[in-house]
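To keep things clear, I will list the structure first and then write my remarks on it.
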Amino acid sequence: MLNSPAVSRSPALKIFAGSSHPALAKSIAAEAGVTLGRRKVTRFSNENIKVKIEENVRGCDVFVIQTSAAPLSDHIVELLILIDALKFASAARITAVLPYFPYARSDKKDEARISITARLMADLLETSGADRVLTMTLHAPQILGFFRRPADQLLATPILKRHFSRSSLSDTVVVATDAGAGKIAGHFAKRLHLPMAVIDKRRVDDSEKAVGTALIGDVQGKDAIIYDDEIATGGSIVEAARILRDFGARQVRVGVTHAVLSGQALDRLRGADLDELVVTDTIPVPEEKLRALPNLKVLSTAKPFADALVRIHGGQSVSAMMD
Ligand code: R5P
């Protein structure tokens, strides 16, 4: 007869962070009531990255936070190595927490001989040992299906709704920067019980200015909230603001999840006629960008991420958070 019966305990929750966004990782861990796991990332002279997990993770339910921020390729490789190290240190389950999903805009084969790189990212995560993914506001929700394991998407809608609801929203219209953004903007408009309008935007390529040609909906004498998944070079937002003013909008505010702010974004946004530019912290917004854009406000996503990972750990619904 066995004299030491097996003890059944639920696995401990542990959170580790890559190097891409230490402030957000720290806030998520604090909101979840745990301290960040100890790991050491070093670089050899040949630029190879080494990750050492400096505490026991055997049998643990581990979450790894890494966002898609510069230097992007380094952060992707670091994440894969971090997950691999955790897997071979016998973590029971690993969830990759990706506030801004890498290569989210490469989600379809809309030209010959190109890679659907968002799918490749999902394949790499799976190969490295990720059992699940948790992310926020995907450029296209079908990216969730690229990962052949469970994947959860949070939306920044509740955070942005809370912010914009602090002021009066009578005579306000939610505006999508193009037809593609119509669905996500529609979701936001519905939650705020507001009408919406859509800009007909055409783009030549990533470096070119997006050009708006027409507006479907009525903004004359109304306040507008432009709603989009991300600001990259700022072209879409600046053009949308110009069109809205042309069509007689009063106040023009912007609500966006991911503040990529790349290329000419700062110059463009500085020169744009915007009353407020509201983003979240899924990507770090450095001090110089905050200084350059005085009307920029950054909202924290730490609480929803912490709530979601605690729910995943406890086997509770994540989609219920969006209700
Ligand atoms: C486009 O499909 C996206 O929803 C955003 O509108 C786009 O990524 C913004 O890019 P940019 O700021 O460079 O116009």
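Is there a residue being at positive phi, touching a Leu at 6+ places or on another chain (Cβ under 9 Å) and away from the ligand (no atom under 16 Å from the Cβ) anywhere in segment 162-183?
Scanning segment 162-183, I find no residue that is at positive phi, touching a Leu at 6+ places or on another chain (Cβ under 9 Å) and away from the ligand (no atom under 16 Å from the Cβ), so the answer is no.
Surrounded by fewer than 16 Cβ atoms within 10 Å (Cβ to Cβ), at pLDDT 95 or above and not in a loop (DSSP other than H, G, I, E, B): which single residue out of D123, D152 fits that description?
It is D123.
Cβ-Cβ below 8 Å, separation at least six or inter-chain, first residue in segment 223-244 and on the phi > 0 side of the Ramachandran plot, second more than 10 Å from the ligand (Cβ to nearest atom): which pairs?
G234/L266; G234/A272
Within the bounds of segment 4-13, is there any residue that is among the polar types (S, T, N, Q), within 23 Å of A156 (Cα to Cα) and either out of contact with any Pro (no Cβ under 7 Å at 6 or more places or on another chain) or surrounded by 13 or more Cβ atoms within 10 Å (Cβ to Cβ) (or both)?
The answer is no; no qualifying residue exists.
Going by what's in this entry, would V64 be described as crowded, with 16+ Cβ neighbours inside 10 Å and either among the acidic types (D, E) or within 26 Å of D281 (Cα to Cα) (or both)?
Yes, satisfied.
Counting residues that are touching a Lys or Arg at 6+ places or on another chain (Cβ under 6 Å) and modelled with pLDDT of 95 or more, which strands (runs of 3 or more DSSP E) fully inside segment 209-298 reach at least 2?
Here the list reads 223-231, 276-280.
May I ask you to verify whether Q251 is polar (S, T, N, Q), more than 10 Å from the ligand (Cβ to nearest atom) and either surrounded by fewer than 24 Cβ atoms within 10 Å (Cβ to Cβ) or at positive phi (or both)?
Criteria met by Q251.
Scan segment 42-72 for residues that are more than 11 Å from S20 (Cα to Cα) and within 23 Å of the chain's Cα centre (by Cα) and jot them down.
Passing the criteria: D61, V62, F63, V64.
Of the residues that sit in segment 184-203 and are within 14 Å of the ligand (Cβ to nearest atom) and buried (at least 20 other Cβ atoms within 10 Å of the Cβ), which one is nearest to the chain's Cα centre (by Cα)?
I184
The values are calculated or read from the model by the stated rules, or taken from the named source; none is laboratory data. Please read these numbers as outputs of a predicted model, since none were measured by experiment. Note that each Cβ is placed from the backbone with ideal geometry, even for glycine, and that neighbours are counted across all protein chains shown.
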